[in-house]
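Have a look at the structure below, then the notes.
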Amino acid sequence: MISTEPNLVLVGVNHKATPVEIREKLAFNQVKLEASLEQLVSCPEIAENIILSTCNRVEIYARVDDTDQGIKLLKDFICDYHGISRGSLDQYFYSYTDNQAVEHLFRVSASLDSMILGEAQILGQVKDAYSTARALSSTGLVLNQLFEKAFNVAKKVREETGISERGVSISSAAVELAKKIFEDLENHSVMLVGTGEMAELAAKHLISYGVKTVYVASRTYERAVSLAQTLNGCALGFDAFKEELYRADIVITSTAAPNFIISKEMIEQAIHKRKNKPIFLIDIAVPRDIAPEVNDLENVYLYDIDDLQNVVNANMEERQKEAESAMEIIQQEVTKFNNWFSTLDAVPTIVEMRNRAEVMRINEVDKTLKTLTHLSDIDQKAIHQLTQSLVNKILHKPTINLKKKTQSMDGHVYLKAIRHLFHLDD
Amino acid sequence: MDKISFNLSLFSYLMASLAYFVYLAYRRPLVSTIAGWTVAFGLLCQTVTIGVRSSQTGHGPYTTSFEVALFLAWLMVVVYFLTEWKYKIKDLGAFVIPLVFIVLLFSAFLSKDAALVPESDEVRFWLTMHRTLSIMGYAAFSIAFAAGIMYLIQEHQVKTKKLGIMYFRMPSLEVLDDLNFKVIMIGFPLFTLGFMTGSISNTQMDLPFFSWDLTRTLPLVLAWLIYSLVFFGRMMVGLRGKKAAQGAIFGFVTVIGTYFLHIL
C-alpha cells in the first residue's frame, strides 16, 4: 500500500568522511544498479527510490512509510548487497530526512558537495541516476518532483552565481584567459614550443574550444611530428619557430632549455608583423622559456606557471565565496519545495475535517435530545449511531478521493479547497 | 507635459544606472531585464519631451544648448540599444546609462528658451545638417568612450594578472576593441561631415570657412585629430587595443569639453 504520509529519507556515504577503499566497495555499477532499484522497490516499506552512485558518493534517496525503519532498511540493504557487515560501516553512513534530505540533494546537484566545488560532472550523474530509476518505475510523484526541482536549482545556481565559471585547473584557467583576450577561439591559432605533457594537455583543451590551427616545434623534430599528428597540426623545426612566431595567437612553451628561448625583441618583431594583433604567451616551463619583460609590451600577455597557479588559487577562493550565495538560493528553494511537500500529507486535513464534523454532530444531537426528553437511553444511543454513520457516509468518498488526489501533481489544490470549504484554518 | 516626461526620463535613467551597477556586482538576470525596460521607458518619455518641444518651437531639437543635450542623450540611448542588440554586452549599460543621466541632468540646468532661427532657408539647412550629423557622431563616440573604459579595465586585469570580479563579468578584449572600432568607424564620418557642414553654414552667414575663434574651434579640431588618428591608425598601421581605447576616451572628453566651451 502506498502511504499517504510522504517521508523522505536519504542514506549515503561520500568522499568527505569515507575513504576510497570503502567507497569503491559500496559502489553500484550500472548492472547492479538496475537490479538493486528493482529489489528495493519491491520492499513494501519503500514507495520510491533512486540510487546515486559515483566515484565520490553512494546515496539512496527513498520515500518510506516509517522514517527510522526506512533508514535502517536502506543501510542494511547497502551492506547486505555488497556483503559487508553493518558494524564496520556504521561510522561512515550519514542519513537525512525530509528538508535535510531535500537540501542535501540540492547541494549535491548544484555541486556544492563536490570534491572540486562547482564542477559540472555531478549534475549529469544525478540526471543519469534519475533517468535510470525512472525507466524502471522505481520513482513516483515525490522523487520525480524532487529531482526535477534539483535540476532547476542546479541550473539557477550555475546561472546566478559564479560557482562554475572560474577555472580551477591550470589548463582551464589558461583557456579562460585566452577567451578573455580573443573571445572566439575558432579563428585563432596555437603554437607549442616544446612537447611537455602539460603543454599538450593545454593545447587539447584549447582545441576542444575551437582552435583549429596548431603548430608544434621541438628540438627533436620527430617528437614535433608525432605530437603534431595527434593534435592534427603542423610540425616545425626548432629554428623555424622563431620565424613563424608571428603566426600564432597563443604560444605555449614547455622546453627543458636552461635559458630564455624567447626574448623581448623576438616578440616585438612578431607583434609588429602581426600589426599589433594580441599574443597570449603561456610559459609552463621551469626554468622559464620566455623573458618576463615580454609582458611589458603592449598587446602581449605573458603568464608563467606561477601566474596560472595564482589564478587557480584565487579562483578556488572565489568559488568558495560564490558557494555562500549558492547556499542562499538553495535555502529558498528548499522552503519552496517543502511548502509543496507538506501539502502532500492529507492525513492531518482529513483528521481535522472529521473532527469538525464530529463536533457539529454532537452539538446538534445534544440540542435535539434536550427537547426529546421522553426518549429512552437505547433510543438516544440509536440516534447517536444514526448520525455517526450519516457523517461517516457523507465524508467517506471525500476522504478516499482526497487521499487519492494528494498523490497527484495537483493534490495541493484539493487540500486547499477542502481546508477552505470546511473552514479548517479559522 | 514635456516637463513631466522630462523628469520621468531623468528619474528612469538614474534608476536604470543603479540597476546596472547592481547587475555588474551581483549579476541577477532579472535586474538587467528591469534595467533594460526602465531605460526603454525613459527613452519613451524623452521622445515625448522632444516631440512636444519640437511642436512648440516648430523645428527639431538642435538649436539651443538645452536641445542639443536633450537630443544627444536621446541618441545615446538609441545607439546603446542598437549596440546591446548587436553585441549583447549587458554590462555596457553600467557605463553608458550613467553618462546619459549626467548629460540629461546637466541639460536640466540650461535655459529652456527657444533660440532665434536664421531666416535664410539655406543657412537653416546647413545649420540643421551640421547639428544633426555632429550629434549623431557624438552619440556613437559616447559608446566608443564606454567601450574604451571597459577595455582599459579588462586590459589592466589581464596584464597585471589580478583577475577580479570585473574580469569575469566583462567581455573579452577582442570584442571591446572591435566595438570601439566599429562605432568610431560610424561616428568619425558623421563627425567629419558635421564639421564640414558647420563650416559651410559659417560661410553662409558671411563668416570665414573656419571661424578661428580659438576657444570654440581649436578643441573641436583637436577632437577631430584624435579620432582621425584612431580611425586611420587602425586601418593603416593596425593601431588597436589600449591606444585605440585611450584615443576613444580622450576624443570624447575633448568633445564634451568643446560643448562646455560653447555654452560658456
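Quick look at the values:
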{"read-out": "Residue within segment A:328-348 that is open to solvent by less than 30 Å² (accessible area, probe 1.4 Å), within 10 Å of another protein chain (Cβ to nearest Cβ) and in contact with a Pro (Cβ under 6 Å, 6 or more places away or on another chain) present", "value": "no"}
{"read-out": "Among (1) at pLDDT below 90; (2) surrounded by 17 or more Cβ atoms within 10 Å (Cβ to Cβ); (3) out of contact with any Ser or Thr (no Cβ under 9 Å at 6 or more places or on another chain); (4) hydrophobic (A, V, I, L, M, F, W, C) - the single one residue A:279 does not satisfy", "value": "(1)"}
{"read-out": "Single residue of segment A:290-324 satisfying the filter (of a type in the set (S, T, N, Q) and either more than 8 Å from every other protein chain (Cβ to nearest Cβ) or open to solvent by less than 30 Å² (accessible area, probe 1.4 Å) (or both)) that is farthest from residue A:113 (Cα to Cα)", "value": "A:299"}
{"read-out": "Selection status of residue A:242, within 14 Å of another protein chain (Cβ to nearest Cβ), at pLDDT below 90 and open to solvent by 20 Å² or more (accessible area, probe 1.4 Å)", "value": "no"}
{"read-out": "Qualifying residue in segment A:364-376 (condition: part of a helix (DSSP H, G or I) and touching a Lys or Arg at 6+ places or on another chain (Cβ under 7 Å))", "value": "no"}
{"read-out": "In segment A:389-424, residue farthest from residue A:139 (Cα to Cα) [restricted to those that are at pLDDT below 80 and among the polar types (S, T, N, Q)]", "value": "A:406"}
{"read-out": "Residue list for segment A:81-107, restricted to those being assigned to a strand (DSSP E or B) and open to solvent by less than 60 Å² (accessible area, probe 1.4 Å)", "value": "A:94, A:95, A:97"}
{"read-out": "Selected residue (criterion: nearest to the other protein chains (Cβ to nearest Cβ)) from residues of segment B:155-171 that are among the basic types (Lys, Arg) and under 15 Å from residue A:309 (Cα atoms)", "value": "B:161"}
{"read-out": "Positions within segment A:163-179 being within 12 Å of chain B (Cβ to nearest Cβ) and either assigned to a loop (DSSP other than H, G, I, E, B) or surrounded by fewer than 23 Cβ atoms within 10 Å (Cβ to Cβ) (or both), in sequence order", "value": "A:163, A:164, A:165, A:166, A:167, A:176, A:179"}
{"read-out": "Members of segment A:201-222 found to be away from every other protein chain (no Cβ under 14 Å), part of a loop (DSSP other than H, G, I, E, B) and surrounded by fewer than 20 Cβ atoms within 10 Å (Cβ to Cβ), listed by number", "value": "A:212, A:219, A:220"}
{"read-out": "Of the criteria (1) outside any loop (DSSP other than H, G, I, E, B); (2) open to solvent by less than 40 Å² (accessible area, probe 1.4 Å); (3) among the aliphatic types (A, V, I, L, M), which one residue A:198 fails", "value": "(2)"}
{"read-out": "Test: residue in segment A:137-158 that is touching a helix residue (DSSP H, G or I) at 6+ places or on another chain (Cβ under 7 Å), within 12 Å of chain B (Cβ to nearest Cβ) and in contact (Cβ under 8 Å) with a residue 12 or more places away in the chain", "value": "yes"}
{"read-out": "Unmet requirement for residue B:74, which otherwise passes all of (1) more than 18 Å from the chain's Cα centre (by Cα); (2) open to solvent by 30 Å² or more (accessible area, probe 1.4 Å)", "value": "(1)"}
{"read-out": "Which numbered condition residue B:161 fails, given (1) under 24 Å from residue B:248 (Cα atoms); (2) crowded, with 17+ Cβ neighbours inside 10 Å", "value": "(1)"}
{"read-out": "Some residue of segment A:62-78 being within 30 Å of residue A:316 (Cβ to Cβ), open to solvent by less than 30 Å² (accessible area, probe 1.4 Å) and in contact with a strand residue (DSSP E or B) (Cβ under 9 Å, 6 or more places away or on another chain)", "value": "no"}
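The values are calculated or read from the model by the stated rules, or taken from the named source; none is laboratory data. None of the values given here were measured: they were computed from a predicted structure. Using ideal geometry, Cβ is built from the backbone for each residue, glycine included, and neighbour counts are taken over all protein chains shown. Calculation scope for accessible area: heavy atoms of the full protein, side chains included, ligands and nucleic acids excluded. Shrake-Rupley method; radii C 1.70, N 1.55, O 1.52, S 1.80 Å.
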